[in-house]
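What follows is a single structure, written as structure tokens, with notes after it.
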Amino acid sequence: MFAIVRACKHGGQGMAVAGVGWLEAVVLGLIQGLTEFLPISSSAHLRIIGPMLPSGLDPGAAFTAITQLGTELAVLVYFRHDIARIFLAWCASFKRHAPFNPDARLGWLVIIGTLPIAVLGLLFQDLIETYLRNLYLTAVMLIVFGLILGWADKTGCRQVELKQMSWRDGILFGFAQAMALIPGVSRSGGTITAGLLMGYTREAAARYSFLLAVPAVFASGFYQLYKSWGVPGPVSPANTALATLVAFVVGYGVIIWFLKLVSTRGYGLFVAYRVGLGALVLGLLAAGVLQPL
């Protein structure tokens, strides 16, 4: 749902809170598109920057989930040939005596890898939308998982390709993605880190993080869209749609840039950024500039 704006009580009278304007929605959509595919946590950035905008409002977990539809649409467009090939191979796997096909197995692994985040997301939905959005927790996750990403990038053998993925690896990828339910972990960061630790190449880990996110993000986004229909929140439906469109356009460009980057360079830049951002947030919290919830 669009996070319900709590009315401030003063002298027994409720005071309406202004919502997020269109310009702020564009900024939030830009942030979503820039950060969704990078291992720096888009939900953390929306959680941190939202309250610092003129409206001073946290856009909410639902806004994050819905705007991710835009970035995942960019994935569908960019990887349309890969996704079509995997889907057709998966459908063909139902035929009797169907020959082994790595693409068909990859399709099954994406389905299996989606189950952890789907189950845990439903079980802990209230925590995800409230207490897990505590900025102290977000800052710590940025730092801790940034350091783990750096360690994985340095120690991983980076030899395994997607066609070699085992069922065990697919399940581990799924649980790594599920950690992203906590803002600050990062969906792509979690799956890429797991891939590097299991010996996958940087590009293979990045590409699979994109593919694995598709069913989970679309399911979450459409569920939140259905749940929030007609419910007032800090971001209007029109401005949410605007932010989603911006996220799609920017996200498509980021996919192209990111895949080129990881094919030649490591993740050191993102590790440094995560640690620096986490330390900055802790400092702003200590100074009272940001509030934990």
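The values are calculated or read from the model by the stated rules, or taken from the named source; none is laboratory data. Bear in mind the structure is a predicted one, so any value in this text is a computation, not a measurement. Here the Cβ is made from the backbone with ideal geometry for all residues, glycine too, and neighbour counts use every protein chain on show.
Values as computed for the structure displayed
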| read-out | value |
| --- | --- |
| Selection count where residues are within 13 Å of A61 (Cβ to Cβ) and either of a type outside the set (S, T, N, Q) or assigned to a helix (DSSP H, G or I) (or both), scope the range 101-136 | 10 |
| Cross-chain or 6+ apart pairs with Cβ under 6 Å, the range 114-130 first and touching a residue at least 24 places away in the same chain (Cβ under 8 Å), then among the charged types (D, E, K, R) | none |
| Some residue of the range 268-288 being surrounded by 18 or more Cβ atoms within 10 Å (Cβ to Cβ), among the aromatic types (F, W, Y) and in a helix (DSSP H, G or I) | yes |
| Filter pass, A65 being in a helix (DSSP H, G or I) and closer than 30 Å to G283 by Cα | yes |
| F173 vs. criteria modelled with pLDDT under 90, part of a helix (DSSP H, G or I) and in contact with a Leu (Cβ under 8 Å, 6 or more places away or on another chain) | no |
| Residue pairs meeting the criteria (Cβ under 8 Å; at least 6 apart or on separate chains; first modelled with pLDDT of 85 or more, in the range 97-108; second surrounded by 14 or more Cβ atoms within 10 Å (Cβ to Cβ) and of a type in the set (D, E, K, R)) | D103/R85 |
| Residue pairs meeting the criteria (Cβ under 8 Å; at least 6 apart or on separate chains; first farther than 19 Å from G190 by Cα, in the range 41-69; second surrounded by fewer than 24 Cβ atoms within 10 Å (Cβ to Cβ) and among the acidic types (D, E)) | G50/D58; P51/D58; L53/E24; P54/E24; S55/E24; G60/E129; A62/E129 |
| Residues satisfying the stated conditions in the range 257-267, i.e. farther than 16 Å from Q32 by Cα and assigned to a helix (DSSP H, G or I) | L259, K260, L261, V262 |
| Residue satisfying condition, being assigned to a helix (DSSP H, G or I), over 21 Å from V275 (Cβ atoms) and either among the aliphatic types (A, V, I, L, M) or at pLDDT 95 or above (or both), within set A178, A205 | A178 |
| Any hit, the range 229-250, residues being under 17 Å from S43 (Cβ atoms), modelled with pLDDT under 90, of a type in the set (S, T, N, Q) and assigned to a helix (DSSP H, G or I) | yes |
| Complete set of residues in the range 262-293 that are among the β-branched types (V, I, T) and under 14 Å from R202 (Cα atoms) | V262, T264 |
| Which numbered condition L76 misses (of (1) surrounded by 18 or more Cβ atoms within 10 Å (Cβ to Cβ); (2) over 21 Å from R168 (Cα atoms); (3) at pLDDT 90 or above) | (1) |
| Tally, over the range 20-34, of residues that are crowded, with 24+ Cβ neighbours inside 10 Å and modelled with pLDDT of 80 or more | 5 |
| Unmet criterion (only one of (1) under 19 Å from A44 (Cα atoms); (2) part of a loop (DSSP other than H, G, I, E, B)) for A139 | (2) |
| A139 without any contact (Cβ under 8 Å) to a residue 40 or more places away in the chain, more than 22 Å from F258 (Cα to Cα) and of a type outside the set (D, E) | no |
